[in-house]
Amino acid sequence: MSKLLLIVFFCCLSATILAQTPQQTFTVKGIAVDSATSRPLSYATVMLLDAKTKQPVKGGLTKEDGGFELKSVVGKAYQLTVATVGYKSQTMNISGAAADVNVGNILLSVSSNKLKEVSVTAVRPIMKQEVDRISYDVQADPDNVALSVLEMMQKVPLLTVDGNDNIQLKGSGNYKILINGKESALVAKNPSDILKSMSASNIEKIEVITTPPAKYDAEGLAGIINIITKRNAGEGYSVAINTRVNTVYGPGGNINVTFKQGKFGMSLLAGGGSNGTQTTGLGSTENIFASNTHITQTGTNSQTGTLHFGGTDLSYEIDTLNLITASFDLFGTNQTQHGPQSSTTDSLSIAQQAYNLQNSGSSSSLGLDASINYQLGFKNSKDRLLTFSYKYSSAPNKQFNDNLFTSRFNYPLALFPDYQQYNDAGNEDHTIQVDYAGPLTRQLSIEAGAKAIFRNNYSNYHVDDRDTVTQQYVTNDALTNDFSYHQDIYSIYNSYQLKMEKWTGKAGLRLEHTALSADFSSAGVNTAPSYSNLIPSISMERDFGTSSIDFGFTQRIQRPGIFQLNPFVDRTNPIFVTTGNPELKAELDNTFELTYSNFTKNSFNVGLSYAFSNNSIQNVSSLHTEQVDGKMDTVTSTTFENLGTNKTLGFNVNTALNLTQRFTLRLNGLLNYVWLSGTFDGSMYHNSGFTGNAFGNMRYKFNKGFAISFNAGYYSGNVNLQGKSSDYIFNQYLFSKDFFNRKMTIVLVANNPYSKYYTNRTIINSAEFYQNTYNQTNYRSLAVRLNFKFGKLKGDIKRNEHGIENDDTKSDGKKSPTANQ
């Protein structure tokens, strides 16, 4: 690895030395002026573009007096573009002769549209506030070639990524991730692994939909994260290759190909990588009050794995009014782990029980999506669209664990044998949908549709105990079951948007009926009650030209996912077991949002939110006794329950500061106060406290394509019904160099160089016990990234405007415990 870093360093150094030949320059001067009032326009964006390639050469902001001055190399033809929020942009040709150019006053007239509706090459605001969402323009962020999508999310308002790569929206894991407005197998199973393997240079923008309109399924309490992939600007092809080598996680990469010829278009993404071999520590202590018992566990865990993913979009334009599209996504992981662990139990300092455990296992997961869509346009209005869609999804997951005990003390083999556990779980969905969208008048538009999801969640699991005589493994019938959970959801929706000169409003209703049935092979059939929900959503925006105020209200449903419903009892740690709860009911949440946005000299966004639920799904732990051949053993069991109330008051602020033409600073912050209460296992629990996060990014751009960036952040941890988790600090240094007119970029990355490991701690305060657990995560890593793109494509493949978005089941907000790559 050190040799590779050294080679890259000398390549960059050599390229710099060869580029030191002095070149003759000229200066472009001028003043940006309001055409109506003749007052100077300060902090307008000024960009000098290459007239042939349209690529930016120099750029900056006007001064307080509206003046600007840009320097560039003589001998080329240029275009000068001046743009600012609330005004129409101006573009003029510059010859690039040896003499300096003074263009004088450049008159900009007021535009009735916001800057987000003005197309200006390379002059784009990074953050935009819309009536029901905040969007982050990834292509407008120069760090997009240096960061992965997961790392870029750390910059997005309202989003955080903690030390274990858990993504959170407004401090919550209750959200849904969509790709181009559709649920995708690429991120349904392990979003963190996929997003850290994808370069942000392939992403157009990331939307945080805080008030999801009625066309979206009513699930996802905190909101929806919509990742929109890059759309290149009729015919040809483009190829982008992104690779990385990491000192901890090893190699990885992906390729993105887009091709368009005539009526046919295709977009392909494929990639894979390694998660490396990681060995980290773990442990826990627990005090049981009634018996004055103290349990201590320590151990290590070594794991290694690989992931692969691929997806394709196909498009065929029959004519200008008829479009057929199809897509196919595939995602897979393979993981192995091994870890020795010791456990001791004492009471009043007298040893009661002890053992060593060798745990090894493997897991494999797969995600598959296939969809087809037909879109019909109308001759009398290009904005009217009728779309018919079908989608099939499958997400199987297999898990195996082998548990061998040694050094037993008061833990007899006859009562507690070695054992193996198997679990084959997943879900299979069929979805059909029809959508209509179009204008009713110049100001009023409508969206309406109907949808049906037929879903089967399943888990087939068993535990095999090793016979003490034959040494053969025999199935334990008490820990064996086939679980099937059918969930059919029928919905219709209707929403309207009224857009006036200064006001924009959107309101809608969504009616959903959920039919449930559960089947346990060992206990017969249990039919769960069906239920219906009428979900309102309201969004309003007042536009002040360069700023806006937005208000939103919506209700959301939190249906439990398979990982919460699954009754499989994970006994990887026999004293601390985990299981799902098939009797969970849907949670209903109410959310209010108020946001102020200003995009003048610098981008500024501040928001206030309040959300509450009266039957929230909580992760809880309790003690219970198990009887094995007449001997009682106490274990701690963790599961999910519908418990009490969950209230959150939140305040967020986000800003992007252009301190100079070369130096930018971005700051994001979120502060929540959480109230939790509920009755569990006969005891009433209350917990409350502050949670939040802060993120900062500094970037300085040098000459010759060099740039340096620094990212740092703080994450406070969670407040849970029975306890809390520890806080987390991260930092990252990036050094980048562009080559071949920005077609290739090499990036050197240093993640958290000050410490090898990060230790995450979780505390549980129960009426019966106190528990403190810790898990180590690899923290320090170095990486080299190479991004290369070539080809020419003047237009993107055509995509249907509407399609299936199955955002109706809960995301856990956490996936693989790996750090940024």
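The values are calculated or read from the model by the stated rules, or taken from the named source; none is laboratory data. Because the structure is predicted, anything quoted here is derived from the model rather than measured. Every residue, glycine as well, gets a Cβ built from its backbone with ideal geometry; the counts of neighbours run over all protein chains shown. Heads up: the accessible areas ignore ligands, DNA and RNA and are worked out on the full protein's heavy atoms, side chains in. Shrake-Rupley method; radii C 1.70, N 1.55, O 1.52, S 1.80 Å.
Tabulated data
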quantity	calculated
Residue match in the stretch 347-359 (condition: over 23 Å from LEU178 (Cα atoms), of a type in the set (S, T, N, Q) and within 32 Å of the chain's Cα centre (by Cα))	yes
Residue count for the stretch 127-154, restricted to those that are open to solvent by 10 Å² or more (accessible area, probe 1.4 Å), of a type in the set (A, V, I, L, M) and farther than 16 Å from GLU207 by Cβ	1
Cβ pairs under 7 Å, 6+ apart, first in the stretch 455-480 and farther than 14 Å from TYR422 by Cα, second among the polar types (S, T, N, Q) and at pLDDT below 90	ARG455/ASN427; ARG455/GLN487; ASN456/ASN427; ASN456/SER484; ASN457/ASN427; ASN457/GLN487
In the stretch 43-80, the residues that are of a type in the set (S, T, N, Q), closer than 18 Å to PRO142 by Cβ and crowded, with 21+ Cβ neighbours inside 10 Å	THR45
Residue check, GLN399 within 21 Å of ILE575 (Cβ to Cβ) and either surrounded by 16 or more Cβ atoms within 10 Å (Cβ to Cβ) or modelled with pLDDT of 95 or more (or both)	yes
Residues satisfying the stated conditions in the stretch 413-428, i.e. assigned to a strand (DSSP E or B) and of a type in the set (Phe, Trp, Tyr)	TYR419, TYR422
Count of residues meeting criterion [over 44 Å from the mean Cα position of the chain (by Cα) and either at positive phi or modelled with pLDDT of 85 or more (or both)] in the stretch 28-54	1
Residue check for ARG408: touching a strand residue (DSSP E or B) at 6+ places or on another chain (Cβ under 7 Å) and buried (at least 16 other Cβ atoms within 10 Å of the Cβ)	no
Near pairs, Cβ below 6 angstrom, 6+ apart or cross-chain, from the stretch 667-690 (over 23 Å from TYR715 (Cα atoms)) to any residue that is crowded, with 18+ Cβ neighbours inside 10 Å and among the β-branched types (Val, Ile, Thr)	PHE680/VAL620
Strands (runs of 3 or more DSSP E) contained entirely in the stretch 429-547, each with at least 2 residues that are closer than 30 Å to ALA83 by Cα, open to solvent by less than 20 Å² (accessible area, probe 1.4 Å) and of a type in the set (Ser, Thr, Tyr)	none
Any hit, the stretch 611-632, residues being at pLDDT 85 or above, over 29 Å from the mean Cα position of the chain (by Cα) and under 29 Å from MET684 (Cβ atoms)	yes
Those strands (runs of 3 or more DSSP E) lying entirely in the stretch 683-725 with at least 3 residues open to solvent by 30 Å² or more (accessible area, probe 1.4 Å)	683-701, 706-715
Answer from TYR374, TYR422 - the residue that is open to solvent by 60 Å² or more (accessible area, probe 1.4 Å), over 25 Å from the mean Cα position of the chain (by Cα), within 21 Å of LYS215 (Cβ to Cβ) and not β-branched (Val, Ile, Thr)	TYR374
Residue match in the stretch 229-239 (condition: at pLDDT 85 or above, buried (at least 16 other Cβ atoms within 10 Å of the Cβ) and among the hydroxyl-bearing types (Ser, Thr, Tyr))	no
Residue within the stretch 430-450 that is in contact with a His (Cβ under 9 Å, 6 or more places away or on another chain) and of a type in the set (Lys, Arg) present	no
Output for the stretch 82-111, where each listed residue is open to solvent by less than 80 Å² (accessible area, probe 1.4 Å), closer than 14 Å to LEU41 by Cα and assigned to a strand (DSSP E or B)	VAL82, ALA83, TYR87, GLN90, GLY104, ILE106, LEU108
The lone exception for GLU207 - which of (1) at pLDDT 85 or above; (2) of a type in the set (D, E, K, R); (3) surrounded by fewer than 21 Cβ atoms within 10 Å (Cβ to Cβ) it fails	(3)
Qualifying residue in the stretch 289-303 (condition: assigned to a strand (DSSP E or B) and modelled with pLDDT under 90)	no
